Amino acid sequence: MKKRELSPIELRKVVELRQLGAKWTEIEQETKVERRAAKQAYEEWEKDKEIKEEQAARFRVAAEAFHEHLNDLVRLAESLTDTLYVPKTLRELNSADEALDQLWIRYAEGQRKPSPASSVGERGVWRSNMLLKSLRDHTQEKVRWETLEEWKQSRNNAKHYAEQLRSKATEVVKNTLNDCLGLEKRIKTALGDDDVIERITDGVIEHIWRGILTGKPDKMHVIKGIILYNEGQVWLVVYENNSKTRFYLNDEELAKDVWSMCCQVVTNLWDEVESDLIQNLTYEVSQMQARTKEFGEGLDELVLRPMILHTRCDLCPA
């Protein structure tokens, strides 16, 4: 016996009546559709409805998962480009691998859900590296990823030259203090600190670093407190906006002597003693800045989101 096919109008009426609680005999009387055909059509409609609802649910889950995946990649790109920026202080200049390891840990900690564990561990770092691979897969046709390797090379070169600069600066500070009879002792007495050479070296190389970053050296200057809370205080500013390289000497004459000595050390390092060393460091910084700019523009959110939407990776939800 040939299967009875219901018209859309008949099927709609059967569904309406059945959902209102009508019996199959009542549906047959109302629609003139034989009850067996009506029941079979209704059951097929129900099955088809369940399949469509399941597909819609799967689509919603996939869409939400992809949205989360996209946001994860955007956040990772932002964290990565932030890590590539040249640090404001020389003491923060670590190796490329150290900087990136810190990035993976920071990023993993930021993405980790609250748990009793005290650290993200290897799994968190593994997850970050998987996302990095995903980011590269999505952007490989538009972003020159060789830039990252070039940045790493310049970062490591800069760290090497920075270590040489610190060593040379320490030597120059020692020699200059030896030429200034009694100055080291006066500074130690004023500061109550025996690590005078190390502190002056820190200030001098941070001063030079600031000059490299800005293209021109800041001026070291002596400040005398004139308001209520610092009246009577005298201090030397070697590197602006860095309290760790300020010398609170509370003696204007001593402050001027230390200022003169620091200027002499900086001059020797910039112009006479190790100009090639500073030039090499300056070059590597410029390379880092150029690579950071190129990478940052390629991974900017405005261009990154469309790239991710039009490409796929192994981590993309189905």
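Readers should treat all values here as calculations from the given coordinates under stated rules, not as data from a laboratory. All values derive from a computational prediction rather than experimental measurement. Cβ atoms come from the backbone with ideal geometry, glycine included; neighbour counts cover every protein chain shown.
Cα-Cα pairs above 15 Å in region 8-59: how many percent?
Result: 44 percent of Cα pairs exceed 15 Å.
As a footprinting exposure proxy, order PHE59, PHE295, PHE66, PHE247 by other Cβ within 10 Å, with the fewest listed first.
Going from sparsest to densest Cβ surroundings: PHE59, PHE66, PHE295, PHE247.
Give the cross-link partners of LYS168 among the lysines, using a straight C-alpha distance below 20 Å as the criterion and excluding same-chain residues fewer than 8 apart.
Output for LYS168: LYS159.
Relative contact order for the chain using alpha-carbon pairs under 8 Å, separation at least 6, rounded to a whole percent?
21
LYS133: which lysines have alpha carbons under 23 Å from its alpha carbon, excluding same-chain residues fewer than 8 sequence positions away?
LYS113, LYS142, LYS152, LYS293
Within a 10 angstrom radius of the beta carbon, how do THR214, THR81 rank from fewest other beta carbons to most?
Exposure proxy ranking, most exposed first: THR214, THR81.
Rounded to a whole number, what is D in µm²/s for region 2-157 from Stokes-Einstein with the Kirkwood radius over alpha-carbon pairs (4 °C, 1.567 mPa s)?
It diffuses with D of about 62 µm²/s by this estimate.
Along the principal axes of its C-alpha atoms, what lengths does the chain span, in descending order and rounded to whole Å?
118, 47, 33
Using a Gaussian network model of the chain whose springs link C-alpha atoms within less than 10 Å, name the residue from ILE105, ILE51, ILE278 with the highest mean-square fluctuation.
The residue that fluctuates most here is ILE51.
Using packing as a proxy for protection, rank 308-314, 285-291 so that the peptide with the highest average count of other Cβ atoms within 10 Å comes first.
285-291, 308-314
Given Cα pairs under 8 Å that are at least 6 residues apart, what percent is the relative contact order of region 8-59?
The value is 31 percent.
Evaluated at 4 °C with a viscosity of 1.567 mPa s, what Stokes-Einstein diffusion coefficient in µm²/s does region 146-295 have when Rh comes from the Kirkwood expression over alpha-carbon pairs?
After rounding, the answer is 79 µm²/s.
Can you flag which of LYS174/LYS219; LYS174/LYS256; LYS13/LYS49; LYS3/LYS52; LYS3/LYS39; LYS13/LYS39 are past 20 Å Cα-Cα?
LYS174/LYS219; LYS3/LYS52
With N denoting the number of residues in region 129-228, provide Rg(C-alpha) divided by 2.2 N^0.38 Å, to two decimal places.
1.70
Helix 252-267: angle to the longest alpha-carbon principal axis of the chain, degrees 0 to 90, nearest 10?
With both axes taken from Cα atoms, the answer is about 70 degrees.
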